[in-house]
Amino acid sequence: MNESFIRFDKVSKAFGTLTVVDGLDLDIGKGEFVSMLGPSGSGKTTILMMLAGFENPTSGTIRVGGRQVDGLPPHRRNMGVVFQNYALFPHMSVAENIGFPLKMRRVSRAETGERVKRALDMVQLGHLAERRPAQLSGGQQQRVALARALVFEPEVVLMDEPLGALDKKLREQMQLDIRELHRRLGLTIVFVTHDQTEALTMSDRIAVFNHGKIEQIGEPAAIYDRPATRFVAEFIGETNFLTGTVTGVGGGHATVDIGNGRSVAVLAGQGLAAGATVGLSVRPERVRIGAGPARSNTVSGTVEDVVYHGDHLQVVLDADGQTLLVKADRAGSPVAIGDRLDVSFAPDECWVVGS
Amino acid sequence: MKALQLSKVVFGAAAVFFLLAPLAAILPLAFTDSVFLNYPMPGYSTRWFSELVSAEVWRRSIVNSLIIGSGTTLLATALGTLGALGLRGRTSSYLFAFVRTAFLIPMVVPAVVLGVGMQLMFARYNLTNTYLGVIIAHTVIAVPFVVINVLAVLQSIDPRLEQAAASLGAAPHTVLARVTLPLALPGIVSGAVFAFATSLDEVVLTLFVAGPNQRTLARQMFSSIRENISPAIAAAAFVFIVGTILIALALNLSRKSLGRRPAA
Ligand SMILES: Nc1ncnc2c1ncn2[C@@H]1O[C@H](COP(=O)(O)OP(=O)(O)OP(=O)(O)O)[C@@H](O)[C@H]1O
Ligand SMILES: [Mg+2]
C-alpha cells in the first residue's frame with residue numbers, strides 16, 4: 001500500500017447497546033483493492049454504509065483523500081456503491097438506471113447514450129437496455145448495478161457482495177472483469193464478500209472481520225499461509241487445527257506435544273518458549289500421504305471417509321481421536337475407508353497460531 | 001361439512017343481496033316517466049336525466065360537486081402526501097404515534113361534532129358559505145385516506161433505492177422527485193380517488209358550512225328527498241353510482257399501468 005487514501009481512525013458504530021463496529025483503524029491506499037471478509041453480522045455492510053455516508057460513526061473519523069468526510073452528504077461523496085440487494089430503480093429501464101448518475105452530473109444526452117452503451121457492453125447486457133429490472137434475472141440485475149456504479153467513473157467503488165447471485169461461471173467471469181477494470185481505471189475498491197476464494201483471488205489485501213473488529217489484515221498469501229488467529233485460519237480455507245504444549249526448543253525447531261504421547265516439530269522463532277500452549281494450523285493440501293523424510297512429522301490413523309471432489313479427494317483421517325483432513329491427489333494409490341495410513345507434513349508447513 | 005358449506009353460500013348470497021337490493025330498487029326508477037318515485041313504473045323515459053341537466057338547482061349542484069371535489073382532491077392529496085412523507089420511517093417514536101393518530105382522527109370523530117366546530121370557527125374567519133370553506137371542510141375528512149394510502153406505499157419502498165440514488169449523486173430533493181414520488185404514485189393516485197369520492201359523498205359537514213350557493217349533489221339529493229320526492233333523485237343516484245364505478249375502474253386501470261409502465 002502506498003500512502004493512505006481512505007483512513008478509518010478509531011471508528012466505532014453502535015446501534016443502541018449493540019456495538020457493531022469496534023474501534024476500527026484501517027488505511028486503504030489509492031488504487032488498492034481491499035476485500036472485507038467475515039461471517040454474517042460482523043459489521044461489513046455497516047462499514048461500507050459509513051464510508052458511503054448513510055450511517056454516521058458513533059465515534060472516530062473517516063478521511064478520504066486527506067479530507068474528513070463526516071457530515072458530507074452521500075450525494076457529494078462521489079463513490080459508486082453496489083448494494084447487497086442491487087437497489088435498481090424499478091420504475092426505470094436498464095438504460096435509464098445506468099444513465100441516472102450521468103443525468104445527475106448533467107452529462108449531455110449524446111455522451112450519456114454513448115457511455116451507457118459502453119457500460120452495458122462491459123457487462124454484456126447491451127441487448128437488454130430497454131428492459132425493466134423486474135424482467136431480469138438476479139445475475140443480470142447484479143450486472144446492471146455494477147454498470148451503474150462504474151459508469152460515472154468514481155474514484156472509489158464500494159461493493160457489497162456484488163457477485164453473490166451469480167452462477168459459478170459468470171461469477172468467475174465478473175471477477176476477472178472487475179479486476180481488469182480495477183487495473184485499467186485505477187479504481188480504489190472496497191469489496192465485501194462471504195466467499196473466501198473470491199477474496200483470495202481478487203484482492204490486494206484482505207481484512208478478516210469478526211464481531212466488528214479486524215482479526216487480521218494483509219495480502220492474500222499472508223492471510224492464507226500465516227493466519228494470526230484460529231478464527232482466521234478456519235475462516236479462510238480449510239485447516240487442521242491442533243493444540244499442544246511446547247516441550248522443548250532447540251536447533252531451530254520447537255517440539256510440541258499434541259497429546260496421546262505424540263509430538264510434532266515446528267519451526268522455532270515465533271516467540272515459542274517451553275511450557276507455552278499453542279495452536280497449530282496445517283492446511284490439508286500440505287499433508288502428504290505416506291511417511292515423510294527425517295525431521296518431518298508423521299502421524300498414522302484410520303481412514304474414516306473419502307470424499308470425491310472432482311480434481312482431488314478429501315481423506316478424513318482419525319488419528320487417535322484427532323481428526324485430520326488430507327487433500328489427496330487422485331493419481332495416488334487408492335485409499336479406502338478403514339485403511340491404516342501414515343501421513344506427514346514438514347515442520348515449516350505447520351503454522352503456529354497461538355491458542 | 002356439507003351443512004357448513006351450504007350455510008356459507010347462503011350467508012354470502014344474503015349479504016350480497018342486502019348490499020345490492022337497494023340499488024336494484026332505486027336505479028330503475030331513474031327511467032320512469034311518472035312524476036312519482038314509486039313502482040309500478042307506467043313507462044320508460046329519460047326525462048329525469050334531462051331534468052338533472054336542465055333544472056337549475058340540479059345542474060348547479062352537479063357543477064358544485066365537481067368544483068368542490070376537485071379542490072378537495074388537490075388540497076387533500078398535496079397535504080396528505082406531505083404528511084405521509086413526514087410520518088414515514090418514524091414508526092418507533094411516541095411523537096410519531098401521536099401525530100399519526102391526530103391525522104386519522106377525522107375518520108372516527110362524528111361528522112356532526114366536526115361540523116359544529118367548523119361552523120363556529122369558519123364564521124370567525126368569514127369562511128362559511130364560501131367554496132373555500134366547503135373545500136377545507138371536505139379536505140379535513142379526506143386527508144386521512146390520502147395519508148393511509150400514501151404511507152402504505154412509502155413503507156413498502158426499499159430505503160436502499162433512495163440511498164442508491166443519493167450515492168449516484170442525487171441531492172435529497174432530486175431523490176424525492178425522481179425516486180420516492182414516482183414509486184409512491186400508485187398510493188397517491190388511490191389516495192386522490194378516495195379524496196374525491198369522500199367529497200362527493202359528504203353531506204353532514206356540507207350542511208353545516210355550505211350556503212345555498214355551494215349546494216353539492218349529495219346535499220341537493222338530501223334536501224329534495226324531504227321537499228318533493230321526485231324521480232330526479234333516482235336519476236341523480238344513477239349518475240352518482242355510474243360515476244363511482246367509473247372512478248373505481250379508472251383506479252384499477254391506473255394501478256395496473258403504473259405497475260408496469262413501458263420504458264419511457
Ligand atoms: N440499522 C440498524 N439498526 C440496528 N442494528 C443494525 C442496523 N444495521 C445493522 N445492524 C446490526 O449490525 C450488525 C452488523 O450488520 P452488518 O449488516 O454490518 O453485517 P454484515 O457483516 O454486512 O453481514 P452480512 O454478511 O450478513 O451482510 C448485525 O448484527 C445487524 O443486526
Ligand atoms: Mg452485509
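The values are calculated or read from the model by the stated rules, or taken from the named source; none is laboratory data. Computed from a prediction, not measured in an experiment: that's the story for all the values here. We place every Cβ from the backbone using ideal geometry, glycine too, and count neighbours over all the protein chains shown. Remember, those area values only see protein heavy atoms, side chains included, never the ligands or the DNA or RNA. Shrake-Rupley method; radii C 1.70, N 1.55, O 1.52, S 1.80 Å.
Here are the numbers for this structure:
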quantity: Positions within the stretch A:253-300 being part of a loop (DSSP other than H, G, I, E, B), loosely packed, with under 12 Cβ neighbours inside 10 Å and in contact (Cβ under 8 Å) with a residue 60 or more places away in the chain, in sequence order; calculated: A:Asn260
quantity: Residues (more than 16 Å from B:Glu56 (Cα to Cα) and open to solvent by less than 30 Å² (accessible area, probe 1.4 Å)) located in the stretch B:232-242; calculated: B:Ala234, B:Ala237
quantity: Output for the stretch A:24-36, where each listed residue is more than 16 Å from ligand 1 (Cβ to nearest atom) and open to solvent by less than 10 Å² (accessible area, probe 1.4 Å); calculated: A:Ile28, A:Gly29, A:Phe33
quantity: Residue within the stretch B:191-209 that is more than 14 Å from chain A (Cβ to nearest Cβ) and touching a His at 6+ places or on another chain (Cβ under 6 Å) present; calculated: yes
quantity: Index of the failed condition, A:Asp70 passing every other in (1) away from ligand 2 (no atom under 16 Å from the Cβ); (2) closer than 23 Å to B:Ala166 by Cβ; (3) within 14 Å of another protein chain (Cβ to nearest Cβ); calculated: (3)
quantity: The stretch A:132-155, residues that are more than 11 Å from chain B (Cβ to nearest Cβ), of a type outside the set (A, V, I, L, M) and touching a strand residue (DSSP E or B) at 6+ places or on another chain (Cβ under 9 Å); calculated: A:Gln142, A:Glu153, A:Glu155
quantity: Residue pairs meeting the criteria (Cβ under 8 Å; at least 6 apart or on separate chains; first basic (Lys, Arg), in the stretch A:29-48; second open to solvent by 10 Å² or more (accessible area, probe 1.4 Å) and not in a loop (DSSP other than H, G, I, E, B)); calculated: A:Lys30/A:Phe5
quantity: Sole exception among (1) under 28 Å from the mean Cα position of the chain (by Cα); (2) more than 20 Å from B:Ala170 (Cα to Cα) for A:Phe152, by number; calculated: (2)
quantity: From the options A:Ile28, A:Ile47, A:Ile6, residue that is in contact with a Leu (Cβ under 8 Å, 6 or more places away or on another chain) and in a strand (DSSP E or B); calculated: A:Ile6
quantity: Of the criteria (1) in a helix (DSSP H, G or I); (2) within 14 Å of chain A (Cβ to nearest Cβ); (3) hydroxyl-bearing (Ser, Thr, Tyr), which one B:Thr101 fails; calculated: (2)
quantity: Options A:Leu51, A:Leu37; residue that is over 25 Å from B:Ala165 (Cα atoms) and within 16 Å of ligand 2 (Cβ to nearest atom); calculated: A:Leu37
quantity: Set A:His91, A:His75: member being away from ligand 2 (no atom under 16 Å from the Cβ), in a loop (DSSP other than H, G, I, E, B), within 14 Å of another protein chain (Cβ to nearest Cβ) and closer than 19 Å to B:Asp158 by Cα; calculated: A:His91
quantity: Condition met for A:Leu26 (away from every other protein chain (no Cβ under 14 Å), among the hydrophobic types (A, V, I, L, M, F, W, C) and away from ligand 2 (no atom under 16 Å from the Cβ)); calculated: yes
quantity: Test for A:Val81: is it open to solvent by less than 40 Å² (accessible area, probe 1.4 Å) and outside any helix (DSSP H, G or I); calculated: yes
quantity: Number of positions in the stretch A:316-333 that are of a type in the set (Val, Ile, Thr) and open to solvent by less than 50 Å² (accessible area, probe 1.4 Å); calculated: 2
quantity: Breaking point among (1) within 20 Å of A:Phe209 (Cα to Cα); (2) crowded, with 20+ Cβ neighbours inside 10 Å; (3) more than 12 Å from ligand 1 (Cβ to nearest atom), for A:Ala87; calculated: (1)
quantity: Within the stretch A:37-66, tally of residues that are crowded, with 16+ Cβ neighbours inside 10 Å, near ligand 1 (Cβ under 8 Å from one of its atoms) and away from chain B (no Cβ under 14 Å); calculated: 5
quantity: Hits in the stretch A:94-131 - residues which are farther than 19 Å from B:Gln163 by Cβ and at the interface with another protein chain (Cβ under 7 Å from one of its Cβ atoms); calculated: A:Glu130
quantity: Hits in the stretch B:75-129 (condition: buried (at least 18 other Cβ atoms within 10 Å of the Cβ), in contact with a Leu (Cβ under 8 Å, 6 or more places away or on another chain) and aliphatic (A, V, I, L, M)); calculated: B:Ala84, B:Leu87, B:Ala111, B:Leu114, B:Met118
quantity: Any hit, the stretch A:177-192, residues being buried (at least 21 other Cβ atoms within 10 Å of the Cβ) and within 14 Å of chain B (Cβ to nearest Cβ); calculated: yes
quantity: Some residue of the stretch B:7-30 being open to solvent by less than 30 Å² (accessible area, probe 1.4 Å) and touching a residue at least 12 places away in the same chain (Cβ under 8 Å); calculated: yes
quantity: Of all residues making up the stretch B:136-173, the number that are closer than 23 Å to B:Thr77 by Cβ and within 14 Å of another protein chain (Cβ to nearest Cβ); calculated: 7
quantity: Some residue of the stretch B:236-252 being in contact with an Asp or Glu (Cβ under 9 Å, 6 or more places away or on another chain), hydroxyl-bearing (Ser, Thr, Tyr) and either within 14 Å of chain A (Cβ to nearest Cβ) or under 30 Å from B:Leu37 (Cβ atoms) (or both); calculated: yes
quantity: A:Thr19 being within 13 Å of ligand 1 (Cβ to nearest atom), within 14 Å of another protein chain (Cβ to nearest Cβ) and of a type in the set (Ser, Thr, Tyr); calculated: no
quantity: Residue check, A:Gly60 part of a strand (DSSP E or B), touching a residue at least 60 places away in the same chain (Cβ under 8 Å) and away from ligand 2 (no atom under 16 Å from the Cβ); calculated: no
